Structures are given as structure tokens and as C-alpha cells.
Amino acid sequence: MLPYIASATEDKSYDFGIEGMRSQNYSVGILIFLFISMAVFVGVIRLFYQHTDMSKVKTGEKVLMGMIVLGVVVAGIFAVVQLLDGYLF
């Protein structure tokens, strides 16, 4: 009767996180790639604002820079979530 009770109480939930499917190395590699890409885009933003006369910037260029800034902020949020929880989306 004891083996039956042990198998009945076994947790049968599935772990769909990246840590459950692959090793920790994939997650660390993706996080490092995320940090590098964030640094590249922050460099693009910095160069754009240093070498551009803002009075001559078109509306589409302003929207493009706004979307790049938003992407960097969202990437930062994903990085924080991954560091805190250990899961990728």
C-alpha cells in the first residue's frame, strides 16, 4: 500500500520554464546577449542625439527613436524579470 500512496501524492505539474527544459547556460547566454544588445541600442540613441540638430528631425525619425527607447526599456524589464524569476518568455 505504501508505493501506491507515494505515487498518488507525486506532483504531476509540468515545468515549462527555460530552466526546466534546458540547462542554466542557455538562460545566462540569452541574458548576456540581451545586455549587449541593450548597450548597442543605447549607443545608437546617444549618437543620434549628439550628432543631430533636433529642429530638423522629421516626425518619423522622432517616432523611430521613441520606439527604440521603448524597446530598450522593455528589454530592461525582461532582464529584471529573468534575473528575479529565472524564466524567459
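Report the gain in length on full extension from Ala39 to Leu70: 0.36 nm times residue separation, minus Cα-Cα distance, nm rounded to one decimal.
9.8 nm
For a quick check of your reading of the filter: which trypsin sites (Lys or Arg not before Pro) in segment 26-89 sit in a DSSP loop and have no more than 15 other Cβ atoms within 10 Å?
Loop-located and lightly packed - Lys58.
Taking just the C-alpha trace of segment 33-78, give me its Rg and Dmax in Å.
Rg and Dmax of segment 33-78, Cα atoms, are 11.4, 35 Å.
Extending each Cα 7 Å along its Cβ direction at Asp53 and Val81, get the distance between those two points in nm, one decimal.
It works out to 4.3 nm between the two label points.
Just so you know, all these numbers are worked out from the coordinates, no wet-lab data involved. Keep in mind that this is a model prediction, so the values were computed, not measured. Here Cβ is always computed from backbone atoms with ideal geometry, including for glycine, and neighbour counts include all displayed protein chains.
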